[in-house]
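Reviewing the structure listed below.
The values are calculated or read from the model by the stated rules, or taken from the named source; none is laboratory data. Keep in mind that what you see is a predicted model, and the values were worked out from it rather than measured. All Cβ positions, even for glycine, are placed from backbone atoms using ideal geometry, and neighbour counts span all protein chains on display.
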Amino acid sequence: MTTTTTDVKALESRYVLQNYKRLPVVFERGSGSRLFDEHGRSYLDFISGIGVASLGHGHAGLAQALGDQALTLSHTSNLYFHPLQGELAARLSALTGLQRAFFCNSGTEAVEACLKFARRFWNAKGDRQRTKFVAFTHSFHGRTMGSLSVTWEPHCREPFEPLIPGVSFASIDNVSELDRLVDATTAAVIVEPIQGEGGVRPIPAEAARAISAACARSGALLIADEVQSGSGRTGQFLYSPAIGLTPDCIALGKALGGGMPIGAAMLSDQVAATIAAGDHGTTYGGNLLACRAALVVLDELERGLQASIRRVSTRLFDGLAALRARHASIVDVRGAGLIAGLEFATDAAPLVTAALDRGLLVNRTATTVIRLLPPYVVTEQDIDEGLAMLDDAIAHV
Ligand code: PLP
């Protein structure tokens with residue numbers, strides 16, 4: 001069946017829940033760092049499906065592995081063993097330093113699992129007081145009720161209140177509040193090492209030290225939400241070590257599956273030992289297709305992609321510094337590896353459209369920030385081309 005653009009938009013507006021505000025473009029195929037619309041127009045993709053398509057689009061190795069896996073075995077559920085979960089868990093354990101993996105299907109589920117496991121940890125120890133969570137201003141942890149409860153952004157939270165009780169938010173710019181907020185009733189502190197949706201804000205080293213100190217003082221667990229910052233995005237598998245955080249639980253998602261839905265909660269042995277069979281689960285979690293995709297992503301990272309991210313990142317941040325020097329409207333440039341945020345003095349929404357008109361895909365977050373999350377396969381030439389388009393877009397807005 002062929003559909004026209006009008007059909008696509010008309011069908012969606014008639015039958016699909018109108019909870020997304022889409023840009024007026026229909027993508028039909030992709031290759032590497034590029035997407036092509038229904039007229040064959042090429043766009044440089046500097047958002048990669050919000051940090052997901054880590055190997056870019058139409059990756060032959062990933063496609064071959066998924067095709068092969070689909071013909072062999074796709075899904076059996078967690079009633080039985082299959083060959084790939086243990087292999088992927090062992091690889092992730094070596095990469096994160098946390099001993100056990102729980103697999104799920106999205107970032108929010110990975111966060112949800114970490115929150116539940118933190119509660120279960122204290123419950124198993126007989127400490128029924130320790131049920132609270134401390135999160136941070138500007139945080140985003142997902143849309144399910146638990147993850148939403150630790151998400152700061154009021155417009156995400158407020159229509160769904162009351163959320164789970166016992167959550168407080170410490171100011172990321174005034175971490176001395178942790179002295180007051182983290183105590184013997186805190187199950188866990190949860191933090192994004194780089195706050196993605198909150199405007200690409202790497203946690204300052206000083207704040208990370210205060211978080212570690214608060215957890216050490218009170219015994220509270222530390223959950224690092226590396227859904228956006230992890231899985232190689234910053235040139236290292238995780239960003240937590242770069243700022244000196246040693247979490248008990250880590251949430252992973254997005255780039256890990258290269259486009260296949262997968263999430264993972266990585267847990268220390270200490271936490272994992274308190275989880276009993278039947279405490280938590282999900283039908284799809286860790287199915288063969290998702291595990292196979294993640295194994296391909298990890299192989300590619302090891303085969304040179306991780307090093308390439310570090311090299312290309314230098315080009316990206318040099319280019320962004322040059323843009324900042326040219327445009328007074330840019331008030332800050334933040335990020336690491338292949339996650340970057342350009343903060344503007346005013347709403348950055350018109351820039352997203354201006355970039356799209358020029359063939360560049362970026363997105364806006366936290367109202368004033370243009371976020372770049374290119375695929376890991378992006379080249380230095382792509383960066384030069386993309387930044388030239390962004391330069392022109394900024395000049396004309
Ligand atoms: N945690 C962080 C840090 C995220 O950036 C996101 C999504 O943007 C999530 C959790 C939720 O992930 P998902 O949309 O896959 O549920």
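Collect the residues in the stretch 76-86 that are closer than 16 Å to residue 289 by Cβ and loosely packed, with under 13 Cβ neighbours inside 10 Å, keeping them in residue-number order.
76, 80, 83
Name, by its number, the condition in (1) under 14 Å from residue 92 (Cβ atoms); (2) within 16 Å of the ligand (Cβ to nearest atom); (3) in a helix (DSSP H, G or I) that does not hold for residue 211.
(1)
So which pairs qualify, if the first residue must be in the stretch 158-177 and on the phi > 0 side of the Ramachandran plot and at pLDDT 95 or above, the second must be outside any strand (DSSP E or B) and not acidic (Asp, Glu), the Cβ gap must be under 6 Å, and the two must be at least 6 apart or on different chains?
Taking only residues 6 or more apart or on different chains, the pairs are 166/131.
Return a yes/no flag: does the stretch 116-123 have any residue that is surrounded by fewer than 24 Cβ atoms within 10 Å (Cβ to Cβ), at pLDDT 95 or above and either within 13 Å of the ligand (Cβ to nearest atom) or of a type in the set (Val, Ile, Thr) (or both).
no
When you check residue 149 against the structure, is it polar (S, T, N, Q) and away from the ligand (no atom under 16 Å from the Cβ), yes or no?
For residue 149, the condition - polar (S, T, N, Q) and away from the ligand (no atom under 16 Å from the Cβ) - is not met.
Which one of 283, 234 is among the polar types (S, T, N, Q), part of a loop (DSSP other than H, G, I, E, B), away from the ligand (no atom under 16 Å from the Cβ) and modelled with pLDDT of 95 or more?
After ruling out the rest, the residue left standing is 283.
What tally of residues in the stretch 124-145 results from selecting those that are more than 14 Å from the ligand (Cβ to nearest atom), of a type in the set (Ser, Thr, Tyr) and more than 22 Å from residue 208 (Cβ to Cβ)?
1
Give the stretch 88-143 a look and list any residue that's farther than 19 Å from residue 168 by Cβ, in a loop (DSSP other than H, G, I, E, B) and not basic (Lys, Arg), or say none.
Once the filter is applied, which keeps residues that are farther than 19 Å from residue 168 by Cβ, in a loop (DSSP other than H, G, I, E, B) and not basic (Lys, Arg), the stretch 88-143 yields 97, 98, 99, 105, 106, 126.
For the stretch 250-277, which residues satisfy the criterion of being more than 13 Å from the ligand (Cβ to nearest atom), farther than 20 Å from residue 55 by Cα and in a strand (DSSP E or B)?
Result: 266, 267.
Quick one: in the stretch 13-65, of everything that is in contact with a Leu (Cβ under 6 Å, 6 or more places away or on another chain) and in a helix (DSSP H, G or I), which residue is farthest from residue 312 (Cα to Cα)?
Taking the candidates together, the pick is 62.
Looking only at the stretch 182-206, count how many residues are more than 21 Å from residue 367 (Cβ to Cβ) and either away from the ligand (no atom under 13 Å from the Cβ) or assigned to a loop (DSSP other than H, G, I, E, B) (or both).
12
From (1) surrounded by fewer than 17 Cβ atoms within 10 Å (Cβ to Cβ); (2) part of a strand (DSSP E or B), pick out the condition that doesn't hold for residue 335.
The one condition residue 335 does not meet is (1).
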